[in-house]
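Novice: Could you have a look at this structure, given as structure tokens, before my questions?
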Amino acid sequence: MITLLENVLERADGNYVTAQDLRLLDKALSSWQARKEAYNNIQVHEAEIINQAVEAMRTSDRFTAKPMDTLGVDRCRRDMILGLRCCALAMLLEDAEMLKDRVLYWQQNIFLAMQLNYHGYKFIWLALQSQLPKEQAELFSPYLKIAHEMMSGK
């Protein structure tokens with residue numbers, strides 16, 4: 001929504017907002033209540049989502065050969081919490097560009113420097129689907145998909 005508002009302001013610049021931009025704003029505002037409820041539900045269930053995602057990651061095929069130590073689990077949990085919260089905010093504000101600019105490019109650079117492909121967002125998605133109603137999970141899906149694609153190198 002922040003990016004949308006910035007774009008609308010830039011295009012209007014001394015003129016009236018176009019009918020097309022008004023429709024975009026109407027669409028964003030019409031889904032506000034559903035996005036807010038999903039955001040609040042994610043916040044309430046954060047601990048369960050993260051615990052389930054971390055456990056799924058720890059027991060996945062990726063870590064069978066080399067299990068994560070306590071430090072690895074703690075870092076993974078920290079990264080997942082950050083990712084979940086940032087994706088939730090992007091969903092609330094309906095703003096994928098903000099998610100990319102404020103978090104994912106930075107996070108992606110760190111993981112590239114460490115020569116790691118991060119798949120935590122896949123596990124967050126699986127956990128989130130079991131914790132939220134389907135409609136709320138679907139609102140969240142596009143942001144997790146962007147995050148997963150950027151971080152896993154796909």
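The values are calculated or read from the model by the stated rules, or taken from the named source; none is laboratory data. Everything numeric in this text was worked out from a predicted model, so none of it was measured. Methodologically, a virtual Cβ is constructed for each residue, glycine included, from the backbone with ideal geometry; neighbour enumeration extends over all protein chains shown.
Novice: When you scan region 95-120, how many residues do you find that are at pLDDT 85 or above and either among the hydrophobic types (A, V, I, L, M, F, W, C) or in contact with a helix residue (DSSP H, G or I) (Cβ under 8 Å, 6 or more places away or on another chain) (or both)? Spell out how you get there, then give the answer.
Specialist: Of all residues in region 95-120, those at pLDDT 85 or above come to 95-101.
In the following step, the residues that additionally are either among the hydrophobic types (A, V, I, L, M, F, W, C) or in contact with a helix residue (DSSP H, G or I) (Cβ under 8 Å, 6 or more places away or on another chain) (or both) were identified as 95-100.
Within region 95-120, residues that are at pLDDT 85 or above and either among the hydrophobic types (A, V, I, L, M, F, W, C) or in contact with a helix residue (DSSP H, G or I) (Cβ under 8 Å, 6 or more places away or on another chain) (or both) number 6.
Novice: Can you tell me which residue in region 1-25 is nearest to residue 143 (Cα to Cα), limited to those that are polar (S, T, N, Q) and free of Cβ contacts under 8 Å to residues at least 24 places away in the same chain?
Specialist: Taking region 1-25 first, the residues polar (S, T, N, Q) are 3, 7, 15, 18, 20.
Then drop every residue that is not free of Cβ contacts under 8 Å to residues at least 24 places away in the same chain, which leaves 7, 15, 18, 20.
Values: 7: 20, 15: 32, 18: 28, 20: 24 Å.
It comes out as 7.
Per-residue answers, yes or no, for (1) touching a Phe, Trp or Tyr at 6+ places or on another chain (Cβ under 8 Å); (2) over 22 Å from residue 47 (Cα atoms); (3) surrounded by 15 or more Cβ atoms within 10 Å (Cβ to Cβ):
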site: 82; (1), (2), (3): no, no, no
site: 89; (1), (2), (3): yes, no, yes
site: 95; (1), (2), (3): no, yes, yes
site: 105; (1), (2), (3): no, yes, no
site: 123; (1), (2), (3): no, no, yes
site: 128; (1), (2), (3): yes, no, yes
site: 138; (1), (2), (3): no, no, no
site: 141; (1), (2), (3): yes, no, yes
site: 146; (1), (2), (3): no, yes, yes
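Novice: Out of (1) small (Gly, Ala, Ser); (2) assigned by TED's automatic domain parsing to the domain that holds residue 123; (3) in contact with a helix residue (DSSP H, G or I) (Cβ under 8 Å, 6 or more places away or on another chain), the odd one out for residue 72 is which?
Specialist: (3)
Novice: Moving to a separate point now. Test of understanding: among 28, 56, which residue is in contact (Cβ under 8 Å) with a residue 60 or more places away in the chain, surrounded by 12 or more Cβ atoms within 10 Å (Cβ to Cβ), over 17 Å from the mean Cα position of the chain (by Cα) and more than 30 Å from residue 70 (Cβ to Cβ)?
Specialist: On the way: 56 fails: more than 30 Å from residue 70 (Cβ to Cβ).
Unique residue meeting the criteria: 28.
Novice: To continue, here is another question. Is it true that some residue in region 105-112 is closer than 28 Å to residue 31 by Cα, within 11 Å of the chain's Cα centre (by Cα) and outside any loop (DSSP other than H, G, I, E, B)? Walk me through how you get there before you give the answer.
Specialist: Restricting attention to region 105-112, the residues satisfying the condition of being closer than 28 Å to residue 31 by Cα are 105.
Filter once more, so that each one left must be within 11 Å of the chain's Cα centre (by Cα): none.
No, there is no match, as no residue in region 105-112 is closer than 28 Å to residue 31 by Cα, within 11 Å of the chain's Cα centre (by Cα) and outside any loop (DSSP other than H, G, I, E, B).
Novice: If you don't mind, another one. Evaluate the following for residue 38: is it among the small types (Gly, Ala, Ser), in contact with a Phe, Trp or Tyr (Cβ under 7 Å, 6 or more places away or on another chain) and assigned to a helix (DSSP H, G or I)?
Specialist: On the way: among the small types (Gly, Ala, Ser): yes; in contact with a Phe, Trp or Tyr (Cβ under 7 Å, 6 or more places away or on another chain): yes; assigned to a helix (DSSP H, G or I): yes.
Against the criterion (among the small types (Gly, Ala, Ser), in contact with a Phe, Trp or Tyr (Cβ under 7 Å, 6 or more places away or on another chain) and assigned to a helix (DSSP H, G or I)), residue 38 qualifies.
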